[in-house]
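One structure below.
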Amino acid sequence: MTSPFSLAILAIVTLSLLGLPIGHAMIAGSIFYLLLAGQDLSIAAEQLLNGMYTNYVILAVPLFILAAELMNIGSMTERLLRFCDALVGRFRGGLAQVNIVQSVIFAGMSGSAIADAAGTGRIMQAMMTKDGKYPPSFAAALTAASAVIGPIIPPSIPMVLYALVSDASIGFLFLGGVIPGLLMAAAQMGIVAVAARRKNFPVEAPIPLRALPGITWRALPALMMPVVLLGGIYGGATTPTEAAAVAAAYALAISTLLYRSVSLRAFYGSLAYSARTTASIGMLIAGALVFNYVVTIENIPDSLRVLLAGWNLTPIGFLILVNVILLVLGCLLEGTAILLIVVPVFIPTAKALGIDMVHFGVVVVVNIMLGLITPPYGLLLFIMTNIAEVPLRDIVRDCMPFLFAMIAALALITFVPELVLWLPRLMGYQG
């Protein structure tokens, strides 16, 4: 318990509990380790700078964040909601189904659950609770649950970060998330359909089918965003990082030149928000890079691999263990920290067991996203509590059916790897 590594862990935990951001705490704890181990303290700066400035893929993170913000300040979101309403709003509980469908479409543009909830959360909350149509807690719970889909369907910021620590292909990771994301959306829509019948949710006035072409045409530029983004990647025209830049430029062009709905003040605000969010994630990445050096020289991944080898786990047994650990950690820790600190420890064992890195990555990302709606540290729950102004316990209660449905979907993609790998293999993946 008095080894340098143990004391470094204690320092990180203590500093985090005292309120220091986890990224800063990891850097401080790692420097403390180097001091106790008698190593050159400049190693921390070397690891940080080499990791941050030689990983081209990290550039995709701020660009995807900016693309999502540019869509939020324009009228793209409203046009997409109108399109979704025309598709599924006519059924019982239609507004609730619209909430899920818009999250699926928005997922193909933002890559962030927080952007999804913050971008359309207020709009959907107001639409669903107007005139008492839906209980505020149910609307908030559904918005939080549907936002989880955002980083599973491509593009995905968490998948970019997973690629950073695993060297897996971002393009094939993106493809691997398509079917699991749609499966989770289907599970949520099933829950809504049952709840709509049981609670007699209202049926909205249907939009005439003759109006659908016009609504689709007005939303078409926004709907083309995933086509531009993914077409560039899989057509070989752009790398994922370049595609993120194209997505941001496309969102800006559509919002300003075509829809003419962006003011200079709103544009500046989107840049400032994107910069703050990027800085926050950047500090987490920086802290993880330094701490991962400590973990590596302490030989923690290999020690874990040897330990698990002694348990004679099968690949499925290992995946079940990882699922349980990540679901528990998701209740306590921020998802990016789990992805950058905990997941790299599992990767050598996963490779030794012959588990495909794309399949493993999608399973990991789904686990981490579920952590966003699991108390007590469900970030999306806190966001929707603030938006809906209802008690957290009510949102948690109404969120449980969606959480259980998505855990069932997680089990399915864990036990049936082809649900993840079929589409990447169709596009040439050899894993």
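The values are calculated or read from the model by the stated rules, or taken from the named source; none is laboratory data. Everything numeric in this text was worked out from a predicted model, so none of it was measured. We place every Cβ from the backbone using ideal geometry, glycine too, and count neighbours over all the protein chains shown. Accessible surface is based on the protein model in full, side chains and every heavy atom, while ligands, DNA and RNA are left aside. Shrake-Rupley method; radii C 1.70, N 1.55, O 1.52, S 1.80 Å.
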Ordering 129-142, 171-184 by per-residue average of other C-beta atoms within 10 angstrom, highest first, gives 171-184, 129-142
Whole angstrom only: what separates the Cα centroid of the stretch 381-431 from the Cα centroid of the stretch 154-189?
11
Using a probe of 1.4 angstrom, how much of the accessible area of the stretch 130-281 is carbon and sulfur, in percent?
67
Just the number, please: carbon plus sulfur as a percent of the accessible area of the stretch 1-123, 1.4 Å probe, no ligands or DNA/RNA counted.
68
With the other protein chains left in place, how much accessible area per residue, in square angstrom, belongs to the chain at a 1.4 angstrom probe?
42
Divide by every residue of the chain the summed helix terms, -39500 (n - 2.57) for each DSSP H run of at least 4, and state the resulting mean residue ellipticity at 222 nm, rounded to the nearest 500 deg cm²/dmol.
-24000 deg cm²/dmol
Considering only THR143, THR256, THR296, give the residue with the highest GNM mean-square fluctuation for the chain, with springs between Cα atoms whenever their separation is below 10 Å.
THR296
Per GNM of the chain with C-alpha springs under 10 angstrom, the most fluctuating residue out of ALA279, ALA388, ALA145 is ALA279
If one takes the longest principal axis of the Cα atoms in the chain, at what angle in degrees, from 0 to 90 and to the nearest 10, does the Cα axis of helix 379-388 lie?
30
With Cα atoms, 0 to 90° folded angle of helix 357-370 axis to the chain main axis:
70
Karplus-derived 3J(HN,Hα), 6.51/-1.76/1.60, for each residue of the stretch 322-327, Hz, glycine and proline x:
5, 4, 4, 4, 5, 5
Using θ = phi - 60° and the Karplus relation 6.51 cos²θ - 1.76 cosθ + 1.60, list the HN-Hα couplings for the stretch 221-226 in order, rounded to whole Hz, with x at every Gly or Pro.
x, 5, 5, 7, 4, x
Of 160-169, 15-24, 355-364, ordering from highest average Cβ density within 10 Å down gives 355-364, 160-169, 15-24
Could you run the Karplus curve 6.51 cos²θ - 1.76 cosθ + 1.60 with θ = phi - 60° over the stretch 172-187 and give me ³J(HN,Hα) per residue in whole Hz, x for Gly and Pro?
6, 4, 4, 4, x, x, 5, 5, x, x, 5, 5, 5, 5, 4, 4
Pairing the Cα long axis of helix 300-310 with the longest principal axis of the chain, what angle in degrees results, from 0 to 90 and rounded to the nearest 10?
90
Between the alpha-carbon centers of the stretch 289-339 and the stretch 52-97, tell me the distance in whole angstrom.
32
